[in-house]
Amino acid sequence: MGGQYPRVFYPLPSLCALALDPDMASSPAPAPALAPNVVLIGVLVLFAGLAAVQRVPTPATEAEAPAPDPGCNGIHLTYAFKGRTKIRPFVADRNKQPYSFRANTTVQNSGTRPLKSWAML
């Protein structure tokens, strides 16, 4: 048994001896613990309160579309600036420094006539 620890066995109480004990047979069964029931009811009341406090979002009513502008042709142009970086030649004067711009542009035609061409400068 070189490096092993000796095994120790602890005696367990006999269940038969406990069941046959005459003192236990005459005493009434213990009442169930009240604490777990109180905790369960408390948790249920807490969840019910939290559910009652939450508000259901009301559906937003759609606003009526504005009247069409007589000068509008139904073409919508959006421009979203993403950033800029300096490009060569690098100069000290900020007004003469060239830049490279990054942006997203979207053209949406919701008019009745097709858009044949467009340009953005």
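Readers should treat all values here as calculations from the given coordinates under stated rules, not as data from a laboratory. This one's a predicted model, so the numbers in the text were calculated from it and none came from an experiment. Neighbour counts are summed over all protein chains in view; Cβ atoms, including those assigned to glycine, are modelled from backbone coordinates with ideal geometry.
Under 24 Å between alpha carbons, and skipping anything fewer than 8 positions from K96 in its own chain: which lysines qualify?
Of all the lysines, those that pass the test against K96 - Cα under 24 Å, at least 8 places apart if same chain - are K82, K86.
Give me the one-decimal nm value for the distance between modelled label points at T85 and A67, 7 Å along each residue's Cα-to-Cβ direction.
5.0 nm
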